[in-house]
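Undergrad: Have a look at this one.
Just so you know, all these numbers are worked out from the coordinates, no wet-lab data involved. All of these numbers come straight from a predicted model, not from anything done at the bench. Please note: Cβ atoms are built from the backbone with ideal geometry, for glycine as well, and neighbour counts cover all protein chains shown.
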Amino acid sequence: MISIIICSRYSDISEELEKNIQDTIDFEYELVVINNSDNRYSIFSAYNEGVRRAKGDILCFMHEDILYHTQGWGIKVIEHFQDIKVGLIGVVGGHYLPDCPASWWSTECRSGVILQGICENKQEYYYKNENWIRYRENLSNSISVVTVDGLWFSIPKKLFEKIRFDELTFSGFHCYDLDICMQIHKLGLDIHVIFDVLIEHFSGGNHDQNLIKQREVFFEKWTHSLPIIKGIELSKIEIEDRRFFVDSLHSLTKEYWRSQDEINRILNSKAYRLGKFILKPFSLIRHKWVQIFGDSQ
């Protein structure tokens with residue numbers, strides 16, 4: 001049986017998603033929905049609770065903003081785990097993690113196929129087919145990677161006798177996928193991106209300030225195991241170039257959030273609020289002047 005574990009922002013998942021799973025999995029399954037409507041759990045603690053409740057031999061961890069486009073995907077999941085060397089499968093992932101805080105996608109060493117939805121406003125989505133199969137060889141249904149994206153991945157339950165989502169080191173909703181993948185590697189098992197399950201994902205993720213902080217926590221925990229490359233070969237120059245790029249990107253992003261914090265600190269300061277109060281009459285006078293005489297600028 002496959003246990004499908006979902007950390008939900010609501011008391012339950014949508015009827016559309018539940019029906020989609022029922023109509024496409026074609027295999028015995030159970031739903032394990034962790035109600036996180038009160039923000040009681042981090043993604044780490046929610047998934048650990050899901051593991052405790054699950055009765056299946058295969059645990060499928062998934063976001064609630066996806067839909068399946070492959071009929072019989074449950075059978076395909078079981079088939080991939082017939083290879084006893086495989087400890088985790090996902091649908092998109094990266095082949096290289098450098099020895100610095102980084103996201104797997106920024107290295108540009110990626111594989112996978114996914115229908116990615118991106119929200120332009122509150123009503124509409126446009127879709128693009130993320131098709132990263134330039135490393136795929138011999139029309140295989142899978143390829144070895146370092147890490148997968150957390151939107152969807154599956155792990156045999158028996159491995160949780162030796163691994164767990166690290167809710168002691170991490171917090172929030174970032175880096176759980178990176179960390180659990182590194183734990184799988186530490187067991188000497190392979191991680192595969194599979195090409196025979198197509199998923200539609202309705203968001204681009206939350207690239208907030210906590211993501212930057214959790215990447216640094218991840219790097220501190222696993223620094224002695226990095227860099228790591230799986231499924232491809234990179235020259236020394238390629239490794240150095242990609243590392244320089246992702247390290248620079250991390251530094252720039254970190255600086256951006258630091259400046260945002262400083263701006264917010266100023267805007268919330270007593271001095272700024274006092275200044276706005278003092279200058280308010282002059283602002284009203286200027287507004288009235290513009291109404292009568294027009295803007296001189």
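Undergrad: Does segment 1-128 come out rounded, prolate or oblate by the C-alpha gyration tensor, with a ≥ b ≥ c the root eigenvalues, rounded set by a/c under 1.5 and, if not, prolate when a/b is larger than b/c and oblate if not?
TA: On the way: a/c = 1.27, a/b = 1.09, b/c = 1.16.
Rounded, since a/c falls under 1.5.
Undergrad: Relative to a virtual label point 7 Å from the Cα of Glu64 in the Cα→beta-carbon direction, which members of segment 144-188 show backbone nitrogen distances below 20 Å?
TA: 150-154, 172-177
Undergrad: Below 15 angstrom from the Cβ of Leu226, what's the summed charge of the other residues (Lys, Arg +1; Asp, Glu -1)? Before the final figure, lay out each step's value.
TA: Details: positive: Lys186, Arg215, Lys221, Lys230, Arg242, Arg243; negative: Asp99, Asp179, Glu216, Glu220, Glu240, Asp247.
With Lys, Arg at +1 and Asp, Glu at -1, the net is 0.
Undergrad: Multiply the residue separation of Asp99 and Gln71 by 0.36 nm, subtract the distance between their alpha-carbon atoms, and state the gained length in nm to one decimal. List each step's numbers first, then the result.
TA: Values: separation 28, 0.36 × 28 = 10.08 nm, distance 3.93 nm.
Computed gain between Asp99 and Gln71 is 6.1 nm.
Undergrad: Related question: Starting at the first residue of segment 34-41, write each ³J(HN,Hα) from the Karplus equation 6.51 cos²θ - 1.76 cosθ + 1.60 with θ = phi - 60°, in whole Hz, x for Gly and Pro.
TA: With coefficients 6.51, -1.76 and 1.60, one gets 8, 6, 10, 5, 9, 6, 6, 10 Hz.
Undergrad: By the scheme Lys and Arg +1, Asp and Glu -1, what is the net charge of all other residues having a beta-carbon under 12 Å from that of Lys76? Mind dumping the intermediate values first?
TA: Values: positive: none; negative: Asp26, Glu79, Asp196.
With Lys, Arg at +1 and Asp, Glu at -1, the neighbours total -3.
Undergrad: Starting from the Cα of Asn141, step 7 Å along the direction of its Cβ; do the same at Gln22; then give the gap between the two resulting points in nm.
TA: Result: 2.7 nm between the two label points.
Undergrad: Filter Lys213/Lys236; Lys158/Lys186; Lys157/Lys213; Lys19/Lys85 down to the pairs with a C-alpha to C-alpha distance above 23 Å, please. The partial results should precede the final answer.
TA: On the way: Lys213/Lys236 28 Å; Lys158/Lys186 15 Å; Lys157/Lys213 30 Å; Lys19/Lys85 33 Å.
Listed pairs above 23 Å: Lys213/Lys236; Lys157/Lys213; Lys19/Lys85.
Undergrad: Between Ser37 and Arg53, what length comes free when the chain is fully extended (0.36 nm per residue of separation minus the Cα-Cα distance, one decimal in nm)?
TA: Full-extension gain reported as 3.9 nm.
Undergrad: Right, something else. So if R0 is 22 Å, what FRET efficiency would Asn210 and Asp247 give, r being the distance between their Cβ atoms, rounded to the nearest 0.05? Please report the intermediate quantities before stating the final value.
TA: Details: r = 20 Å, r/R0 = 0.89.
So, using R0 = 22 Å, E works out to roughly 0.65.
Undergrad: Work through the residues other than Asp196 whose Cβ is under 9 Å from its Cβ and net out their charges, Lys, Arg +1 and Asp, Glu -1.
TA: Overall, the nearby charge balance is 0.
Undergrad: With label points built 7 Å along Cα→Cβ from the Cα atoms of Ser11 and Lys158, find their separation and express it in nm.
TA: Result: 4.0 nm between the two label points.
Undergrad: Continuing with this model, one more query. Once amide H atoms are placed 1.01 Å from N in the peptide plane, what residues at a sequence separation of 5 or more from Ile34, or on another chain, have their amide H within under 5 Å of its amide H?
TA: The list, which skips near neighbours in sequence, is Ile6, Cys7, Ser8.
Undergrad: Could you work out how much longer the chain between Leu234 and Leu187 gets when fully extended? Use 0.36 nm per residue separation minus the Cα distance between them, nm to one decimal.
TA: Numbers: separation 47, 0.36 × 47 = 16.92 nm, distance 2.40 nm.
That pair, Leu234 and Leu187, stretches by 14.5 nm at full extension.
Undergrad: Could you compute how fast segment 56-119 diffuses translationally, taking Rh as the Kirkwood radius over C-alpha pairs and applying Stokes-Einstein at 20 °C with viscosity 1.002 mPa s? Give it in µm² per second. Display every interim value, and only then the final one.
TA: Working: Rh = 14.3 Å.
Reported coefficient: 149 µm²/s.
Undergrad: Just check segment 11-76 against the gyration tensor rule for me: Cα atoms, a ≥ b ≥ c as the square roots of the eigenvalues, rounded for a/c under 1.5, and otherwise prolate or oblate depending on whether a/b exceeds b/c. List each step's numbers first, then the result.
TA: Numbers: a/c = 2.37, a/b = 1.48, b/c = 1.60.
It is oblate, given that a/c is not under 1.5 and a/b is not larger than b/c.
Undergrad: Something else now. Say a paramagnetic label sat at a point 7 Å from the Cα of Lys85, along Cα to Cβ; which residues of segment 142-158 have their backbone N under 17 Å from it?
TA: Label zone hits: 142-147.
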